[in-house]
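The values are calculated or read from the model by the stated rules, or taken from the named source; none is laboratory data. If you're wondering where the values come from, they're calculated on a predicted model, not measured in any experiment. Note that each Cβ is placed from the backbone with ideal geometry, even for glycine, and that neighbours are counted across all protein chains shown. Surface accessibility is based on the protein's heavy atoms, side chains included, excluding ligands, DNA and RNA. Shrake-Rupley method; radii C 1.70, N 1.55, O 1.52, S 1.80 Å.
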Amino acid sequence: MRVLLISPCLISFIGGIILLIRDGFSWDLMNGVIFIGGLSLFIIFQKKWETWLDEYRKSSVKSSNCVLQETSFYFPKGYYFRYGFLKNRKELPFELCSEIRTNTFPITAVIHTNEVIFLRGLSTSDLTKLKQSEKLKQTTPTDNWELLCEEFLDTEFSLDMQQRTLDLLNENGISYRETKKIRNRLRLRMLIRTSVSWEWQYYGHFDVLHELWPVTKKKYWWTMDIALRNENKSL
């Protein structure tokens, strides 16, 4: 297929050059030659370009991930959000973390009883050593944002399951009325995201903050309140 596309592009490019030499300079002809030439190069080097782009994306994501150090979590490119403890900081000392929540994605740390820190790039296996050396408590409390975002997934939930979700949120201090209000606030952005990604497994706090972009101080701390609502009861 690539050969079938390359041949006519090269022929057109060479033809354009010949016309420029024979008939003299013309902006229209020059633009056409540049376009055909660029298209030819793109087709010829498409595989290499796609490979390079894929590697660049992986490298970019990896370099922005959280790194596990001896006594702290380290964020090479700085933290993802400019509010809270990690504003203008790159390190989060283990001693400030009251718990590590392993049932969220990404894994999160709770600090100062009012803020969740996203440990993007770390897995539960990475935390095994941390748990033994620092004795940080690993927990799996109710993920309020996961429950709130269930209806935006490309998945159908039975009426019974929907009701159980509402009841669990209510038990955690998020009333039926507040749940409806939160979902209405997020619905359009989250459904647009799903129409593109077809996500059917999980949306959580990290996803919500990205969909609330641009994130303001008020939005940031609002999402923290929801994430940590009734946390002590849920542990």
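Below are the figures for this structure:
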| read-out | value |
| --- | --- |
| Of all residues making up the range 201-235, the number that are modelled with pLDDT of 95 or more and hydrophobic (A, V, I, L, M, F, W, C) | 9 |
| Failed item, numbered, when Arg177 is tested on (1) over 14 Å from Phe105 (Cβ atoms); (2) surrounded by 11 or more Cβ atoms within 10 Å (Cβ to Cβ) | (2) |
| Residues (over 24 Å from Asp225 (Cβ atoms) and open to solvent by less than 70 Å² (accessible area, probe 1.4 Å)) located in the range 134-170 | Thr155, Phe157, Ser158 |
| Count of residues meeting criterion [out of contact with any Phe, Trp or Tyr (no Cβ under 6 Å at 6 or more places or on another chain) and of a type in the set (Phe, Trp, Tyr)] in the range 204-235 | 3 |
| Conditions (1) at pLDDT 90 or above; (2) crowded, with 18+ Cβ neighbours inside 10 Å; number of the one not met by Pro76 | (2) |
| Filtered residue count, the range 133-167, keeping only those that are under 30 Å from Ile111 (Cβ atoms) and either among the hydroxyl-bearing types (Ser, Thr, Tyr) or in contact with a Pro (Cβ under 7 Å, 6 or more places away or on another chain) (or both) | 5 |
| Count - residues of the range 75-130 that are part of a strand (DSSP E or B) and among the β-branched types (Val, Ile, Thr) | 6 |
| Of residues in the range 79-123 being small (Gly, Ala, Ser) and within 19 Å of His210 (Cα to Cα), the one most open to solvent (accessible area, probe 1.4 Å) | Gly121 |
| Verdict on Thr194 being modelled with pLDDT under 95 and in a helix (DSSP H, G or I) | yes |
| Enumeration of residues in the range 190-221 that are more than 14 Å from Asp154 (Cβ to Cβ), open to solvent by less than 60 Å² (accessible area, probe 1.4 Å) and touching a residue at least 12 places away in the same chain (Cβ under 8 Å) | Gly204, His205, Phe206, Val208, Leu209, Glu211, Leu212, Val215, Tyr220 |
